[in-house]
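The values are calculated or read from the model by the stated rules, or taken from the named source; none is laboratory data. Please read all numbers here as calculations on a predicted model, not as lab measurements. When we count neighbours, we look across all protein chains shown, and the Cβ atoms used for this are built from the backbone with ideal geometry, even at glycine. To get the accessible areas, we keep the full protein, side chains included, count just its heavy atoms, and leave off ligands, DNA and RNA. Shrake-Rupley method; radii C 1.70, N 1.55, O 1.52, S 1.80 Å.
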Amino acid sequence: QVQLVESGGGLVQPGGSLRLSCAASGIIFSFYAMGWYRQAPGKQRELVADITSGGSTNYADSVKGRFTISRDNFKNTVFLQMNSLKPDDTAVYYCYTRIREDGYWGKGTLVTVSS
């Protein structure tokens, strides 16, 4: 059974930083690409960043230069380092992976950027 569990969200002031983690179980983690998505109130879920099994990364234009995705295949964990946070980054952040035709989501972690 595939499980993805996010952690690390919280309240942060504009300009601050947070590091999100997503612990995966039930899969051979190193085989699969992983992604971070977010959904702000009243908006559609959108891709933030993803990382292939080989470590290649891709970012949404809105977070390039501020966010960094990485993975630790020994700990079965993917990270999202978020710097220079803005109020527009406020959202629930979800971890995602796809195995063949099946997609798997975590339950999400809330990030609130506010003074």
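Listing for the model above:
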read-out	value
Coordinate range along principal axes, alpha carbons of segment 55-115, Å, largest first	40, 23, 23
Sequence-distant residues sharing a close amide H with Leu85 (under 5 Å, placed H)	Gly15, Gly16
Solvent exposure of the chain as accessible area per residue, Å², 1.4 Å probe	56 Å²
Distance histogram in 5 Å bins (all Cα pairs of the chain, percent per bin)	2, 13, 25, 26, 19, 10, 5, 1, 0
Trypsin sites (Lys or Arg not before Pro) lying in DSSP loop within segment 45-89, provided at most 16 other Cβ fall within 10 Å	Arg45, Lys64, Arg66, Lys75
Part-to-part distance (alpha-carbon centres) for segment 1-32 and segment 46-115, which is given in Å	8 Å
Label point at Ser53 placed 7 Å out along Cα→Cβ; residues across segment 92-110 whose backbone nitrogen lies under 19 Å	96-105
√(5λ) per eigenvalue of the Cα gyration tensor, segment 1-67, largest first, Å	22, 15, 13
